[in-house]
Amino acid sequence: MTIHSDWGDWLPTAIAAAEPDGLAVWYLGCNGFALKAADGTTVFIDPYLGTGDPPRTVRMIPVPFEPTDVVEADAVLATHDHTDHTHGPSQAPILTGTDATFYGPPTSVATAEAWTDEHGVDGNDIAEITEGETLEVGSLRIHVEPAHDPDADHPVGYVVEHESGTFFHGGDARPSEDFEAIGGSYDIDLGAVAFGSAGMIPDKETREPKYTQWYSNENMAAEAAAQLQLDRLLPTHWDMWKGLTADPTALRDHTRSFDHPRTLEILEIGDRTSV
């Protein structure tokens, strides 16, 4: 599979040229992020540049860059093994074109191991992680935490600490005791929570329409933000799949009476914010 960008190379060029004062965050659409710290440390989390599996899953947003245009990266993190989170055509070229190491839970690593033959990835650039571990990547301290995603096999979340603040990425996880524990252990400035509607999506095997909910709805996203004690809630995934898209501005009514999140921060694909 060859990936063609709708936008050319301006986004990875902008990331490479950026000189943030603290920790900058770019939303890549779906549930993907690029993080860059003041010292240049650059980490991608769940970057996905595929178009899905039409007509079952149909991408509704642009492909923002080609992975071969990424010239600087220290790590690629995967939260779980679903295609839009662990994807060889999207992630292997980042590994082969930079000094990045791929980190993921066992199921993601099992998928990535095939990239050594399929995409020429060095096996030493694939590392398995699990809950309770801490990674030191440049100026970033990354904690691997458990995550409750009933549709995934061994998902994890990441707490990324930098001297300027803390970012949390929960993959597609939903509210749970895991989020409560994370919220009690860290002071999270900005947290990404997967949010979307439910819809009739063709079954993977039979292709018959099937009621499908893969992400938190409005009340669940609000509950997740409260459990994580987020200062700022950043909803993700609402833009991605035809039939499961949602309006993130609706979350204002669902979160405004709670102590957390203090702020709802909505980014569109390609937008940049800071932690």
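Out of all the residues in segment 53-62, which are surrounded by fewer than 19 Cβ atoms within 10 Å (Cβ to Cβ) and either closer than 26 Å to Thr13 by Cβ or of a type in the set (A, V, I, L, M, F, W, C) (or both)?
Val58, Met60, Ile61, Pro62, listed by residue number.
Six or more apart or on different chains, Cβ atoms under 7 Å: show the pairs whose first residue is in segment 257-273 and farther than 30 Å from Asp6 by Cα and whose second is assigned to a loop (DSSP other than H, G, I, E, B) and aliphatic (A, V, I, L, M).
Within 7 Å, the pairs are His260/Leu230; Pro261/Leu230.
Before we move on, is Val137 over 15 Å from Val160 (Cβ atoms) and either polar (S, T, N, Q) or at pLDDT 95 or above (or both)? First the steps, then the outcome.
Details: over 15 Å from Val160 (Cβ atoms): no; either polar (S, T, N, Q) or at pLDDT 95 or above (or both): yes.
Taking the combined requirement at face value, the residue does not satisfy it.
Okay, residues lined up against (1) buried (at least 23 other Cβ atoms within 10 Å of the Cβ); (2) out of contact with any Phe, Trp or Tyr (no Cβ under 8 Å at 6 or more places or on another chain); (3) not in a strand (DSSP E or B):
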residue	(1), (2), (3)
Pro20	no, yes, yes
Cys30	yes, no, yes
Asp39	no, yes, yes
Val43	yes, yes, no
Leu49	yes, no, yes
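Exactly one of these conditions fails for Ile266: (1) within 11 Å of Tyr27 (Cα to Cα); (2) of a type in the set (Val, Ile, Thr); (3) out of contact with any Pro (no Cβ under 8 Å at 6 or more places or on another chain). Give me its number.
That leaves (3) as the condition not met.
Go through Thr130, Thr166 for me and flag whichever is in contact with a helix residue (DSSP H, G or I) (Cβ under 8 Å, 6 or more places away or on another chain) and among the β-branched types (Val, Ile, Thr).
Result: Thr130 is the single residue among Thr130, Thr166 that is in contact with a helix residue (DSSP H, G or I) (Cβ under 8 Å, 6 or more places away or on another chain) and among the β-branched types (Val, Ile, Thr).
Just to be sure, is Thr236 touching a residue at least 24 places away in the same chain (Cβ under 8 Å), surrounded by 20 or more Cβ atoms within 10 Å (Cβ to Cβ), touching a helix residue (DSSP H, G or I) at 6+ places or on another chain (Cβ under 6 Å) and of a type in the set (Ser, Thr, Tyr)? So that I can check it myself, show each step before the final result.
Details: touching a residue at least 24 places away in the same chain (Cβ under 8 Å): yes; surrounded by 20 or more Cβ atoms within 10 Å (Cβ to Cβ): yes; touching a helix residue (DSSP H, G or I) at 6+ places or on another chain (Cβ under 6 Å): no; of a type in the set (Ser, Thr, Tyr): yes.
No; evaluated as a whole, the condition is false for this residue.
With the requirement that a residue be surrounded by 24 or more Cβ atoms within 10 Å (Cβ to Cβ) and more than 25 Å from Ala194 (Cα to Cα), what does segment 71-114 give you?
Within segment 71-114, Leu95 is the sole residue that qualifies.
Restricting to segment 95-110, give me the number of residues that are within 17 Å of the chain's Cα centre (by Cα), among the hydroxyl-bearing types (Ser, Thr, Tyr) and assigned to a helix (DSSP H, G or I).
2
Going through segment 125-139 one residue at a time, which ones are surrounded by fewer than 20 Cβ atoms within 10 Å (Cβ to Cβ) and either in contact with a Lys or Arg (Cβ under 7 Å, 6 or more places away or on another chain) or closer than 22 Å to Glu177 by Cβ (or both)?
Thr130, Glu131, Gly132, Glu133, Thr134
Looking at Gly243 and the list (1) crowded, with 20+ Cβ neighbours inside 10 Å; (2) in a loop (DSSP other than H, G, I, E, B), which single condition is not satisfied?
Among (1) crowded, with 20+ Cβ neighbours inside 10 Å; (2) in a loop (DSSP other than H, G, I, E, B), the lone unmet condition for Gly243 is (1).
Which ranges mark the strands (runs of 3 or more DSSP E) fully within segment 140-183 that have 2 or more residues being surrounded by 24 or more Cβ atoms within 10 Å (Cβ to Cβ)? Lay out the reasoning, then the answer.
Values: elements: 140-146, 156-162, 165-169.
Per the criteria, 156-162, 165-169.
So in segment 246-275, with the set limited to residues that are of a type in the set (D, E, K, R) and within 15 Å of the chain's Cα centre (by Cα), which one is surrounded by the fewest Cβ atoms within 10 Å (Cβ to Cβ)?
Selected residue: Glu268.
Could you go through segment 220-232 and let me know if any residue there is free of Cβ contacts under 8 Å to residues at least 24 places away in the same chain and not aromatic (Phe, Trp, Tyr).
Going residue by residue through segment 220-232, those that are free of Cβ contacts under 8 Å to residues at least 24 places away in the same chain are none.
Scanning segment 220-232 turns up no residue that is free of Cβ contacts under 8 Å to residues at least 24 places away in the same chain and not aromatic (Phe, Trp, Tyr).
The values are calculated or read from the model by the stated rules, or taken from the named source; none is laboratory data. Being a predicted model, the structure only gives us computed values, none of them experimental. With ideal geometry, Cβ positions are generated from the backbone for all residues, glycine too; neighbour counts draw on all protein chains shown.
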